[in-house]
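**Student:** Below are the structure tokens for one structure; questions will follow.
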Amino acid sequence: MNILRTLTDLFLPRHCTVCGAELVNCEDFLCNVCLCNLHWITWNDTRDNPMLRSMWSHHDVEAAGSSFYYNSAYNFRNIFWATKYYGFPRVGEHLARLSFPRWQALGLAEGADAIIPVPLAAGRRWHRGYNQAEWIARGVATATGIQVYSRILKRIRHNETQTRKNPLQRRENTAGIFAVRKNSPDLNRLTVLLVDDIMTTGATLCDCIRALRETYPSIGIHIYTLGWAGNK
Ligand SMILES: [Zn+2]
């Protein structure tokens, strides 16, 4: 038992990100009940699964995985809101570190040389103070020992929010928004793990893949997102 944490919890109680219950000594960010009830994704195949098949450029991706289902109707959306909007990106980092080893055992990030988080537009990053995908990437890096490269990709134009767009509109809205920075290291013939917070239609990830392939035609690409907005 961590005596210091017990004492700090006494005076500064921590609360579950999902249900708000007071956390006990051994719990971090989520209570054990919410952690057990999380809609974990249970596929066992990283090379052929619903997430991969739902991407229009899936033929460019060797492997993909996501930790749990995202549905804005569930309280579990609080995990993403906390990670993305409310200044608690450590929630995403923690859950990625906790859940990635299962995907690694299934071959995700096998042979990967770099982890690349999906970048935010510079203005949005400045306003938010962080990029949630970078924090999730850090969680994966802690679990795997693979280095994070957050300055390979950049967003070259700001796109409108995707929230109310259909898959085709999302694809048009994200076309050509990413590019590889000049003077980036040569990643040709290497394998990278592209990381984002949530995959909805995959349009954002597909444009990252396009940008990477344009610069590195022989790059191997794996994908990991903390949440997947597909059907259970
Ligand atoms: Zn809870």
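The values are calculated or read from the model by the stated rules, or taken from the named source; none is laboratory data. Bear in mind that the values here come from a model prediction, so they are computed numbers and not experimental data. So basically every Cβ, Gly included, is an ideal-geometry build from the backbone, and we count neighbours across all protein chains shown. Protein only, heavy atoms only, side chains kept; ligands, DNA and RNA dropped before computing areas. Shrake-Rupley method; radii C 1.70, N 1.55, O 1.52, S 1.80 Å.
**Student:** Could you identify which residue out of HIS222, HIS127, HIS39 has the top mean-square fluctuation in a GNM of the chain using Cα springs shorter than 10 Å?
**Tutor:** Of HIS222, HIS127, HIS39, the Gaussian network model singles out HIS127 as fluctuating most.
**Student:** Taking 0.36 nm per intervening residue step and subtracting the Cα-Cα distance, what contour gain separates ARG90 from LEU12 on full extension?
**Tutor:** Contour length minus the Cα-Cα distance gives 26.3 nm.
**Student:** Just the accessible area per residue of segment 39-228, please: how many Å² with a 1.4 Å probe?
**Tutor:** Heavy-atom accessible area per residue stands at 46 Å².
**Student:** Express the carbon and sulfur contribution to the solvent-accessible surface of segment 39-228 as a percent, rounded to the nearest whole number, probe 1.4 angstrom.
**Tutor:** 48
**Student:** So what is the calculated 222 nm ellipticity per residue for the chain, using -39500 (n - 2.57) for each DSSP H run with n of 4 or more, over all residues, to the nearest 500 deg cm²/dmol?
**Tutor:** Taken over the chain, the calculation gives -10500 deg cm²/dmol.
**Student:** Right, something else. Select from segment 47-79 those trypsin sites (Lys or Arg not before Pro) which occupy a DSSP coil region and have at most 15 other Cβ atoms within 10 Å, ordered by residue number.
**Tutor:** The qualifying sites are ARG47.
**Student:** Next question, about the same structure. At 0.36 nm per residue, and after removing the present C-alpha to C-alpha distance, how many nm does the segment from HIS39 to ARG102 gain when stretched out fully?
**Tutor:** Once the chain is fully extended between HIS39 and ARG102, it gains 21.2 nm.
**Student:** Still on this structure, please answer the following. Rule-of-thumb check for the chain: C-alpha Rg over 2.2 N^0.38 Å?
**Tutor:** My calculation over the Cα atoms of the chain gives 1.02.
**Student:** I'd like the orientation of helix 132-144 relative to the chain: the angle between its Cα long axis and the longest Cα principal axis, in ° from 0 to 90, rounded to 10.
**Tutor:** Taking the Cα atoms of the chain, the angle to 132-144 is about 80 degrees.
**Student:** Let me cross-check ILE156: its accessible surface, 1.4 Å probe, with only protein heavy atoms counted, in Å² to the nearest 10?
**Tutor:** For ILE156, solvent-accessible area is about 100 Å².
**Student:** Provide Rg over Rh for segment 89-141; use the alpha carbon set for both Rg and the Kirkwood Rh (inverse mean inverse pair distance).
**Tutor:** Dividing the radius of gyration by the Kirkwood radius yields 1.05.
**Student:** Using the Cβ atoms and a cut-off under 14 Å, what net charge is assigned to the surroundings of ALA143, where Lys and Arg are +1 and Asp and Glu are -1?
**Tutor:** +1
**Student:** Mean separation of Cα pairs under 8 Å and 6+ residues apart, divided by the residue count of segment 39-228: what relative contact order is that in percent?
**Tutor:** 28 percent.
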